[in-house]
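Let me begin by presenting the structure, written as structure tokens, before commenting on it.
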Amino acid sequence: MTKEDVVHLTVEFTGIAKDIAGQKEILIEMASEDTYHHVVSRLAELYPNLVNILIAPDKKNFLSSNLFIINDEMTEPIFIMDKHPRDGDRLTLLSVMTGG
């Protein structure tokens, strides 16, 4: 892969994801053609305990109420997982726990 074929991402963990991962954030490299599905798959590889808690059993989607916030922009959460992250993006894994 050439330099142009790689994107560098920061993934920040919050709440239960932070507890499971045991750290606040990580840096990962992805191929430029990778989508958010691929990012979720990488997280499932790195942190298998996230599967069935935040990540769906298919290891490429989130379970409901879990999403990425991109570059701290709450107005643009990622719900369309087939889009491509951009180099330098900061992805915050947000788990919206609901209860009553």
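A few points about this structure:
- The lone exception for ALA17 - which of (1) under 13 Å from the mean Cα position of the chain (by Cα); (2) over 20 Å from GLU4 (Cα atoms); (3) part of a loop (DSSP other than H, G, I, E, B); (4) at pLDDT 90 or above it fails: (3)
- Residue list for segment 13-50, filter: touching a helix residue (DSSP H, G or I) at 6+ places or on another chain (Cβ under 7 Å) and closer than 15 Å to LEU67 by Cα: PHE13, ALA17, LEU43, ALA44, LEU50
- Residues of segment 83-100 satisfying the condition of being modelled with pLDDT of 90 or more and within 15 Å of VAL11 (Cβ to Cβ): PRO85, ARG86, ASP87, GLY88, ASP89, ARG90, LEU91, THR92, LEU93
Residue-wise test of (1) acidic (Asp, Glu); (2) part of a strand (DSSP E or B); (3) surrounded by fewer than 17 Cβ atoms within 10 Å (Cβ to Cβ); (4) at pLDDT below 95.
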site: VAL11; (1), (2), (3), (4): no, yes, no, no
site: GLU29; (1), (2), (3), (4): yes, yes, yes, no
site: VAL40; (1), (2), (3), (4): no, no, no, no
site: LEU43; (1), (2), (3), (4): no, no, no, no
site: ASN49; (1), (2), (3), (4): no, no, yes, no
site: ASP58; (1), (2), (3), (4): yes, no, yes, no
site: THR75; (1), (2), (3), (4): no, yes, yes, yes
site: MET81; (1), (2), (3), (4): no, no, yes, yes
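- Evaluated against (1) of a type outside the set (Gly, Ala, Ser); (2) over 23 Å from ILE80 (Cβ atoms); (3) surrounded by 17 or more Cβ atoms within 10 Å (Cβ to Cβ), GLN23 falls short on exactly one condition, (3).
- First in segment 46-63 and under 18 Å from VAL96 (Cα atoms), second anywhere and charged (D, E, K, R) and in a loop (DSSP other than H, G, I, E, B), Cβ under 7 Å, 6 or more apart: VAL51/LYS59
- Here VAL7 passes the criteria (1) under 20 Å from ARG86 (Cβ atoms); (2) within 12 Å of the chain's Cα centre (by Cα); (3) aliphatic (A, V, I, L, M) except the one numbered (2).
- Number of the exception - ALA56 against (1) over 21 Å from GLY88 (Cβ atoms); (2) touching a His at 6+ places or on another chain (Cβ under 7 Å): (2)
The values are calculated or read from the model by the stated rules, or taken from the named source; none is laboratory data. No experiment lies behind these values; they were computed from the predicted model shown. Cβ sites come from the backbone with ideal geometry, for glycine too, and all protein chains shown count toward neighbours.
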